[in-house]
Amino acid sequence: MQTRKITKADFDTIVEVIDRWWGGPISTFAHPIFFYELGEHAQVVEADDQIIGFLLGFIASESSLLTGYVHLVGIHPDYRRRGVGRLLYETFTEACQSAGCQRMKAITTLGNEGSIRFHLAQGWAAKEIEDYAGPGRKRIVFTRALGELRERRDRALDS
Ligand SMILES: CC(C)(COP(=O)(O)OP(=O)(O)OC[C@H]1O[C@@H](n2cnc3c(N)ncnc32)[C@H](O)[C@@H]1OP(=O)(O)O)[C@@H](O)C(=O)NCCC(=O)NCCS
């Protein structure tokens, strides 16, 4: 299994399948800005001649911290729990590290248990923040420091 950079044809496919993959209307989240303006690091995974996963993410500067931000990740329902999400996160994280990012960030809604478990399983820190997305719109904000990641990898290589 490998990731590759997203194409316009992939983006079109994502827009068409995304509501089905999520089990509800979400296609507005796949805004074209995440392909045209912010799509340099966006990735897809293919299997059986179809797209089975995608990650829309970009690098931003937040409070002068260079941050790899995962906007949206989705895996085909028939291909979940096979490591596709993990592979997309690892590939994007490596690209962000190479670009000098100090941390990673993602958000999700309360109750999205799959997303919460997925991030926690990969060692991301989670924090509930009131009004994050506007009045009464609490979100769970996930972060991961990349310095720690790099140190852990260096320690593993030394041992
Ligand atoms: C969340 C999502 C991206 C995970 O992708 P995935 O490819 O199934 O995840 P992986 O197989 O890489 O999982 C890695 C680890 O995360 C944890 N995990 C992933 N999904 C989980 C779930 N639904 N429940 C509990 N733990 C989960 C597990 O520890 C898993 O390792 P394991 O299978 O060896 O136990 C996928 O379920 C999805 O597309 N969900 C719908 C869209 C969504 O909510 N996206 C995130 C918010 S934008």
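Rule-based calculations on the coordinates, nothing more; no lab input. Every value quoted in this text rests on a predicted model; they were computed, and no experiment measured them. Cβ atoms come from the backbone with ideal geometry, glycine included; neighbour counts cover every protein chain shown.
Here's the list of lysines a cross-link from residue 5 could span, going by alpha-carbon distance under 21 Å and ignoring same-chain residues fewer than 8 apart: 105. Sorting the segments 80-91, 49-60 by their mean number of nearby beta carbons within 10 angstrom, highest to lowest, gives 49-60, 80-91. Return the single residue from 102, 43, 122 with maximal mean-square fluctuation; model: Gaussian network over the chain, springs between Cα atoms under 10 Å. In the Gaussian network model the winner is 122. Rg ratio for the range 3-158: its Cα radius of gyration over 2.2 N^0.38 Å, N being its residue count, equals 1.03. Just to confirm my numbers, what's the Cα centroid distance between the range 22-64 and the range 86-132 in Å? Here the answer is 14 Å between Cα centres. Per residue, the chain reaches -10500 deg cm²/dmol at 222 nm when only DSSP H runs of four or more residues are counted, each adding -39500 (n - 2.57). Phi angles across the range 80-90 convert, under the Karplus curve 6.51 cos²θ - 1.76 cosθ + 1.60 with θ = phi - 60°, into 3J(HN,Hα) values of 7, 6, 10, x, 5, x, 4, 4, 4, 5, 5 Hz, Gly and Pro given as x.
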